[in-house]
Amino acid sequence: MARGAELKADPSAQLRLLDVQELDARADQLRHRLASMPEHADIAAARAQVQDLDNLALDARTRVEDLTADQEKADADVEVVKARRTRDRDRMDKGLITNPKDLERMQQELVSLERRISTLEDEEIAVMEQLEEAQRELADFTEQSRAAREKGAALVASRDAKTAEIEAELATIAAQRGPAAEGLPADLLALYDKLRASKDGVGAAALRARECGGCRLSLDAGELAAIRAAPEDDVIRCAECQRILVRTPESGL
Ligand SMILES: [Zn+2]
C-alpha cells in the first residue's frame with residue numbers, strides 16, 4: 001500500500017528532487033570509479049615488485065662485492081706461490097744449489113708448487129665464474145627494477161589523468177546540484193538523504209509505466225488507484241522499498 005500524506009511537497013519540487021537524485025547518482029558513480037580504478041591495485045603491485053627487485057639487486061650487489069674480494073684474494077694467493085716458484089727457479093738457474101739432496105728437495109718443492117698453483121688457479125676460475133654470474137644477476141635485477149619503476153610511473157600518470165578527469169566531472173555536478181536542490185523543502189530533502197543513506201544511494205524514484213524506478217517492482221491496481229486518488233502534493237512512498245515515489249507524466253496513472 002502506497003502511503004502518502006505524511007509529508008507534503010509541491011509536485012514541481014518532487015520532480016526537481018528527481019533531478020537532484022540523478023545528479024547524486026552520477027556523482028556516486030564517479031566516486032565509485034575513482035575508488036575502483038584498476039590502477040590502484042596495479043600501482044601497489046608495481047611498487048611491491050620494485051621493492052622485491054631492489055632487494056634482489058641489493059643481494060646480488062653484496063655477492064658481487066664479496067666475490068670481487070674473493071677473486072682479488074685468489075689472485076694474490078696465486079701470485080705469492082708463483083713468486084716463490086720464480087725465486088726457487090732463479091736459485092737453481094744461478095747454480096746456487098749444489099748439494100744433490102738440496103737440489104732434489106728443491107725439485108720436489110717445485111712440483112708441489114706447480115700443483116698448488118694449478119689448484120689455486122682452478123679456484124680463481126671458479127670464483128670468477130661465480131662473480132660473472134652475480135654480475136649478470138645484478139644487471140638483470142637492476143634492469144627489471146628500472147622497467148617495473150617505469151611501468152609504475154606510467155600507471156601513476158594514468159591514474160592521475162583519470163582522477164583529474166573524474167574530479168572535473170564531479171565539480172561540474174557539484175555546481176549543478178546546488179541550484180537543483182535550492183528551495184526544495186527541508187523535510188523532503190531530509191527524508192531523501194535518510195533514504196539515500198540506507199538504500200544504495202537511491203532515495204527518490206520516478207513512478208514510470210506503473211513501476212517503481214527504485215525497486216523495479218510493478219504496483220498493483222489497488223496501489224495505483226490509491227496514488228491516483230492522492231492529492232498531487234502528497235509525497236508518495238513505494239510500499240515495497242519505501243523510497244519516495246514521484247509521479248511523472250509517464251507514470252501510467
Ligand atoms: Zn520501490
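The values are calculated or read from the model by the stated rules, or taken from the named source; none is laboratory data. The shown structure was predicted, so the numbers you read here are calculated from the model rather than taken from an experiment. We place every Cβ from the backbone using ideal geometry, glycine too, and count neighbours over all the protein chains shown.
Checking D187 against (1) within 11 Å of the ligand (Cβ to nearest atom); (2) of a type in the set (D, E, K, R); (3) part of a helix (DSSP H, G or I): exactly one of these is not met. Which one?
Here D187 clears every test but (1).
From the residues in the range 94-136 that are polar (S, T, N, Q) and part of a helix (DSSP H, G or I), which one is nearest to R61 (Cα to Cα)?
Among residues in the range 94-136 that are polar (S, T, N, Q) and part of a helix (DSSP H, G or I), the one nearest to R61 (Cα to Cα) is Q135.
Return the only residue of A83, A35, A27 being at pLDDT 95 or above, of a type in the set (A, V, I, L, M, F, W, C) and surrounded by 17 or more Cβ atoms within 10 Å (Cβ to Cβ).
The match here is A27.
Pairs needed: first member in the range 214-225, not assigned by TED's automatic domain parsing to the domain that holds A25; second member anywhere, more than 9 Å from the ligand (Cβ to nearest atom) and not small (G, A, S); C-beta distance under 9 Å; at least 6 residues apart or different chains.
Matching pairs, first to second residue: none at all.
Of everything in the range 228-246 that's crowded, with 20+ Cβ neighbours inside 10 Å and more than 10 Å from the ligand (Cβ to nearest atom), which residue is farthest from D193 (Cα to Cα)?
So, considering only residues that are crowded, with 20+ Cβ neighbours inside 10 Å and more than 10 Å from the ligand (Cβ to nearest atom), the one farthest from D193 (Cα to Cα) is D234.
When the residues of the range 205-227 are narrowed to those that are under 40 Å from the mean Cα position of the chain (by Cα) and within 21 Å of L189 (Cα to Cα), which ends up farthest from the ligand (Cβ to nearest atom)?
My answer is A206.
Tell me, which residue of the range 190-204 that is within 11 Å of the ligand (Cβ to nearest atom) and over 22 Å from P249 (Cα atoms) is farthest from the chain's Cα centre (by Cα)?
The qualifying residue farthest from the chain's Cα centre (by Cα) is L195.
Inside the range 175-184, can you point out the residues that are under 20 Å from D234 (Cβ atoms) and surrounded by 17 or more Cβ atoms within 10 Å (Cβ to Cβ)?
If the condition is that a residue be under 20 Å from D234 (Cβ atoms) and surrounded by 17 or more Cβ atoms within 10 Å (Cβ to Cβ), then L184 is the only one that fits.
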